[in-house]
Amino acid sequence: MSAKDELGEWGENHAAAFLARAGYTILERNWRCQQGEIDIVAFDGRDTVFVEVKTRSSLRYGHPLEAITPQKLARLRRLAAAWCEQNPTELTALRRRSIRIDAIGVLRRSGAVGLRLLRLRQLRAVRA
């Protein structure tokens, strides 16, 4: 595994733990389809949440969340729709009627971890 992949996996592990501590139920990690991958699919008690995790080891190229471009957000919306299509019973199990796309920026510097959660997009009335 490359150093970049190891850093990404490390960040996703910290993000998943952060969400679990905040009361989220982690439904899936690294869900893949032909269109790409969703890092974390979770449930926060009300919404199905699709989480993009961006991890960096320094701010040399900007904050990790700066990597979320409008194009990346559009791709995340398509991936969330694909997940919903493949998991209709998951959406209706707890009468979930909306989905949300969030991003977590993880910064690892000198053994310290900094996490920032950003709510990107709320989509209502999703039907299975």
Next on the checklist: With the crude spin-label approximation of a point 7 Å out along Cα→Cβ, what separation in nm comes out for N30 versus A81?
Outcome noted: 2.7 nm
Checklist outcome for this item: Sorted by chain and number, the residues with a modelled amide H under 5 Å from that of V49, at a separation of 5 or more or across chains, are A42, F43, D44, R100
Item to check | Positive minus negative residues near R109 (Lys, Arg vs Asp, Glu; Cβ under 12 Å) | outcome: +3
Checklist outcome for this item: A correct Karplus calculation of ³J(HN,Hα) over the range 77-87, with 6.51 cos²θ - 1.76 cosθ + 1.60, θ = phi - 60°, whole Hz and x for Gly and Pro, returns 5, 5, 5, 4, 5, 5, 4, 4, 5, 7, 10
Item to check | Phi to ³J(HN,Hα) by Karplus 6.51 cos²θ - 1.76 cosθ + 1.60 over the range 27-37, Hz, x for Gly, Pro | outcome: 8, 8, 10, 6, 6, 10, 9, 4, 7, x, 9
Item to check | J(HN,Hα) series, the range 58-66, from Karplus relation 6.51 cos²θ - 1.76 cosθ + 1.60, nearest Hz, glycine and proline x | outcome: 7, 9, 3, 10, x, 5, x, 5, 5
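Taken together, the values in this text are just the output of simple stated rules run on the coordinates, not laboratory data. These numbers were taken from a predicted model, which means no experiment stands behind them. Quick reminder, even Gly has a Cβ in these numbers, built from the backbone with ideal geometry, and neighbours come from all protein chains shown.
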